[in-house]
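Let me begin by presenting the structure, written as structure tokens, before commenting on it.
The values are calculated or read from the model by the stated rules, or taken from the named source; none is laboratory data. This structure is a prediction, so every number in the text was calculated from the model and none was measured. Here the Cβ positions follow ideal geometry from the backbone for every residue, glycine too, while neighbour counts run over all protein chains shown. Remember, those area values only see protein heavy atoms, side chains included, never the ligands or the DNA or RNA. Shrake-Rupley method; radii C 1.70, N 1.55, O 1.52, S 1.80 Å.
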Amino acid sequence: MTWRDVLQPLLVMTSIIVVRYFVVAGTLHLALWRRPSVRALQLSRKAPPAAQLRAEIGLSLASSVIYAAPAAFAMEVWKRGGTRMYDDLSPAAWPWMLASAAIYLLIQDGFYYWLHRLMHRRELFRWLHAGHHKSTEPSPFAGFAFDPAEAALSGWLLPALTFVIPMEVHLALVLLLAMTVTGTLNHCGWEIVPRRWMEGPLGRWVINASHHSQHHARYGCNFGLHFQLWDRLMGTNVEPTAHPAWKRLDREREAA
């Protein structure tokens, strides 16, 4: 194996992650902050300043390289038949595809909840997670803005699962894109989810921008990644509609 065999997959995967990040985050930033064209509730008090955007982008670029390394390794091993990823989009494959997607998301969510709480311990916070929390009112570009140590601790899990739990390769790509979109939405400073969905039987278990924004403001609550499940079980959940923006909207409606 030569250096080219190692560096080429890493560069390709890093490029994919970086392009995906800028397309998703840039589109949302433009739609919500530069040329508002989406019906949404503003959560942040003001538009993110340029210095904050530069800091978020810098951390995100560093994290992209770190996330790319285990992903590139898993893809190269898959090409040689060494993982449990497979290529099958036939109708018979769909039940397991849906089940495997749920399994991957639940495992990642549980892992990150406990890692997230660990990183908030005083003796670890400055080394693992402080960079992400420099944005008390994050922008769409904060979705990937993690300290290098945090990226290294969290970035290995999904690639490692491909060696254990079967996952259709196209579904894996769709999930990664969906995670980028939801992570960006949850940091965008606006809530695009209607309240009736947020408080519905399914929506109340899914994390949204109103839910995660309160983590950046309060620190000690709402640690989940995809779902509110562990926050509810462990007593760390603050309801999305407890966000000051929703309370302000309720007062305005009562006064009208």
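Is it the case, given these coordinates, that residue 222 is under 13 Å from the mean Cα position of the chain (by Cα) and open to solvent by less than 30 Å² (accessible area, probe 1.4 Å)? So residue 222 does not fit the description; no. Restricting the stretch 178-204 to residues that are part of a helix (DSSP H, G or I) and over 16 Å from the mean Cα position of the chain (by Cα), the residue that is surrounded by the most Cβ atoms within 10 Å (Cβ to Cβ) is 198. Summed over the stretch 240-256, residues that are more than 21 Å from residue 135 (Cα to Cα) and either open to solvent by 80 Å² or more (accessible area, probe 1.4 Å) or without any contact (Cβ under 8 Å) to a residue 24 or more places away in the chain (or both) total 9. Could you list, in sequence order, all residues of the stretch 146-168 that are open to solvent by 10 Å² or more (accessible area, probe 1.4 Å), hydrophobic (A, V, I, L, M, F, W, C) and part of a helix (DSSP H, G or I)? Those that are open to solvent by 10 Å² or more (accessible area, probe 1.4 Å), hydrophobic (A, V, I, L, M, F, W, C) and part of a helix (DSSP H, G or I): 149, 152, 153, 157, 158, 160, 161. Name the residue that is nearest to residue 157 (Cα to Cα), counting only residues in the stretch 78-97 that are in a helix (DSSP H, G or I) and free of Cβ contacts under 8 Å to residues at least 60 places away in the same chain. Checked the stretch 78-97; the qualifying residue nearest to residue 157 (Cα to Cα) is 79. Checking each residue in the stretch 24-71 for being open to solvent by less than 30 Å² (accessible area, probe 1.4 Å), closer than 16 Å to residue 134 by Cβ and assigned to a helix (DSSP H, G or I) picks out 53, 56, 60, 63.
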